[in-house]
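Notes follow the structure.
Each value in this text was obtained by applying a stated rule to the coordinates, not by laboratory testing. Keep in mind the model is a prediction, meaning the values are calculated, not measured. Cβ atoms come from the backbone with ideal geometry, glycine included; neighbour counts cover every protein chain shown.
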Amino acid sequence: MGTPQHKIGSGFGARSTADDVLDGIDLSGRLALVTGGYSGLGLEVTRSLARAGAHVIVPARRRATAQEAVAGIDGVEVDELDLADLDSVRGFAERFLATGRRIDIVINNAGIMACPERRVGPGLESQFAVNHLGHYALVGRLWPALAPGARVVAVSSAGHQLSDVRWDDLHFERGYDRWQAYGQAKTANVLFATHLDALGRDSGVRAFSLHPGAIITPLQRHLDRADMVAKGWIDEQGNVVHPDFKTPQQGAATSVWAATSPLLAGLGGAYCEDCDIAELTTSDEGWSGVRDYALDPDRAARLWALSAELTGVDAFHK
């Protein structure tokens, strides 16, 4: 069984920062991999892990942009990776495995949100392909390098409440809804962590998923400013005005907490928010908590099998 979905009293909260969470934690000698670790909250994750002593690998689709963003941060290296391209995922993994190094932390942070309809590979819906399948294949190919005690963190979203996995129309062949596609992809992130934890715990590898909070970052690149103003997120000048929105440092905190907190030793398979384990919810009021369908072990196993079929990757296939 996975960890019960109940708060454990971490001592941190919605306004805690990644640096707060890592205060007193020494990551010297640890190797972390952070996808999308050069932009938005991912960059804050990279900075904080590096400040705590970790060596951080940032695989990036825009390598030059990533190198510029992390310049001056000690202990960070950049390599090329396009999560929408399974050949690129394989190439990155092969290059890393050839170094013989072990990975202690994987944070699947990169993603796209509410983008226009786009197909990648053999007709795959892009949000599902990038946010879920690319990360599924990446972790699967890197599995031999994960050290005992490693943690894999899947950055999901409260947006998972928008949709379960659409088993009968996974790639929206009967009409596209960009928010439902985002919700499905974020549910897939939670299910991925749920099943990876079940498969990996005997090897000492644990997995968590999380909602980082609402943060204005480049993730919103596909949203119209007028719409965000109408929602009360920002003002006409682009300044954040919604009281519940976090800064990028605050948004990075739950990822870092899930990856490093001693309170989570021996635990796994849980969905986290605000630097604690989240509660289950059935409410349509607000966005806190996690839906039971995203943690269902049967759905998680079904998605894993489907992902293996779509990517040709299954680290646990005998």
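Observations
- Paired Rg and Dmax values of the range 41-168, which use every Cα atom, in angstrom: 15.2, 48
- Part-to-part distance (alpha-carbon centres) for the range 253-318 and the range 1-39, which is given in Å: 15 Å
- Shown here are the Rg and Dmax of the Cα trace of the range 18-307, at 17.7, 52 Å.
- Order of HIS317, HIS211, HIS6, HIS132 under a 10 Å beta carbon neighbour criterion, fewest first: HIS317, HIS6, HIS211, HIS132
- Look at ILE107, ILE25 and count the other Cβ atoms within 10 Å of each Cβ; fewest to most, that gives ILE25, ILE107.
- GluC sites (Glu not before Pro) restricted to DSSP loop in the range 275-318 with at most 12 other C-beta within 10 Å: GLU285
- Estimated inter-spin distance, SER288 and ARG302, nm [label 7 Å along Cα→Cβ]: 3.1 nm
- In terms of surrounding Cβ atoms within a 10 Å radius of their Cβ, PHE192, PHE172 rank from fewest to most as PHE172, PHE192.
- Two-site FRET efficiency, CYS115 against ASP26, from Cβ-Cβ distance with R₀ of 35 Å, rounded to 0.05: 0.35
- Debye equation applied to the C-alpha atoms of the range 235-318, log10 I(q)/I(0) at 0.16, 0.26 Å⁻¹: -0.91, -1.20
- Zone of ASP19's modelled label, taken as backbone nitrogen in the range 40-81 under 20 Å from a point 7 Å along Cα→Cβ: 40-56, 69-76
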